[in-house]
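To start, the structure itself, in structure tokens.
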Amino acid sequence: MKIKKTTNSLVSYIKLFIDNDIFEKDILNAASLFSNILLNKNNFLVKENDICNYFCFIENGILQHSITVLDEEKTSYLALKNSVTTSLSSFLNKVPSRKSIKAISDCNLWVIDFETFSDLVKNNKGFNQFYSKLIEKQICLIDDYRIDLLTLTPEERYKKLLVNETKLLQEVPLHYLASFLGISTRHMSRIRKNIK
């Protein structure tokens, strides 16, 4: 693991979730505890059935969350540049991960281990507020995604991506997007042709 000083993009990301400037020192302290790792394309942050050891911020690259169903890889989430990710249940509870997290492009990541993470949540008020707000946001996004899967057609889900997640459409290969939307690659190609 290559270690270097913290990045301004991590500090800026944490600040997006903090209500005021009184936690400036807390944020800088928390960010300084992250270590930098480079994860090459097709390498794993965690494999299904292994323990996830890191909570990470993606400075550059894309991480695919996937599960295997009847020997077929299904994409459950795509984590992009300037976001955080982990296999949360595995990371928090030290249990085997139910999913794999793989780099689908070269990734520059900032990571902390469970002990450092736990200490920050307990003892760093700025990081605690960041984490609490982050979890709230993620729960809302997951809720919206699940409702969309049940109520929107594949075409409507794709249109919603066009409006809300243009980065996904620009940066993520077609077959990962199709899997994420719950449709076949062929169907995805047809939708793309019909919707401009």
Legend entry - Rounded to the nearest 20 debye, dipole of the stretch 1-143 from Cβ charges on Lys, Arg, Asp, Glu: 220 debye
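Per DSSP H run of n ≥ 4, the term is -39500 (n - 2.57); total these for the chain, divide by its residue number, and report the mean residue ellipticity at 222 nm rounded to 500 deg cm²/dmol. Numbers along the way, then the final one.
Details: 9 runs with 95 residues, N = 196.
After summing the helix terms and dividing by residue count, I get -14500 deg cm²/dmol.
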Inset, instruction - Choose one answer from Gly182, Gly61, Gly126: the residue with the largest mean-square fluctuation in a GNM of the chain with alpha-carbon springs under 10 Å. - result: Gly182
Legend entry - Candidates Leu134, Leu161, Leu150, ranked by Gaussian network fluctuation over the chain, Cα under 10 Å, top entry: Leu150
Legend entry - Lysine pair number, Cα distance threshold 12 Å (strictly under), the stretch 33-149, separation 8 or more or different chains: 4
Inset, instruction - For the chain, set up a Gaussian network in which alpha carbons nearer than 10 Å are linked by springs, and say which option among Ile139, Ile27, Ile51 fluctuates the most. - result: Ile139
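Would you mind counting up the charge near Gly126? Only other residues with Cβ under 15 Å from its Cβ, with Lys and Arg at +1 and Asp and Glu at -1.
Values: positive: Lys15, Lys25, Lys122, Lys125, Lys133; negative: Asp19, Asp21, Glu24, Asp26, Asp119.
Spelling it out: positives minus negatives among the neighbours equals 0.
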Inset, instruction - Please tell me the relative contact order of the chain in percent, rounded to the nearest whole number, where contacts are Cα pairs under 8 Å and at least six residues apart. - result: 23 percent
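Protein chains only, probe 1.4 Å: how do His65, His175, His187 rank by accessible area, largest first?
Values: His65 5, His175 95, His187 50 Å².
Greatest to least solvent exposure: His175, His187, His65.
Would you work out the relative contact order for the stretch 30-77, in percent, from Cα pairs under 8 angstrom that are 6 or more residues apart? List each step's numbers first, then the result.
Values: 22 pairs, mean separation 9.3, N = 48.
The normalised contact order for the stretch 30-77 reaches 19 percent.
Ignoring ligands, DNA and RNA, what percent of the accessible area of the chain is carbon or sulfur (1.4 Å)? Kindly include the intermediate steps, with their values, before the conclusion.
Values: 5750 of 11220 Å².
Carbon plus sulfur share of accessible area: 51 percent.
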Inset, instruction - In whole angstrom, note down how far apart the Cα centers of the stretch 158-196 and the stretch 60-101 are. - result: 19 Å
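The values are calculated or read from the model by the stated rules, or taken from the named source; none is laboratory data. Worth saying up front: this structure is predicted, and the values here are computed from it rather than measured. Ideal geometry is used to build each Cβ from the backbone, glycine not excepted, and the neighbour counts take in all protein chains shown. All accessible areas refer to the heavy atoms of the entire protein, side chains included, with ligands and DNA or RNA removed. Shrake-Rupley method; radii C 1.70, N 1.55, O 1.52, S 1.80 Å.
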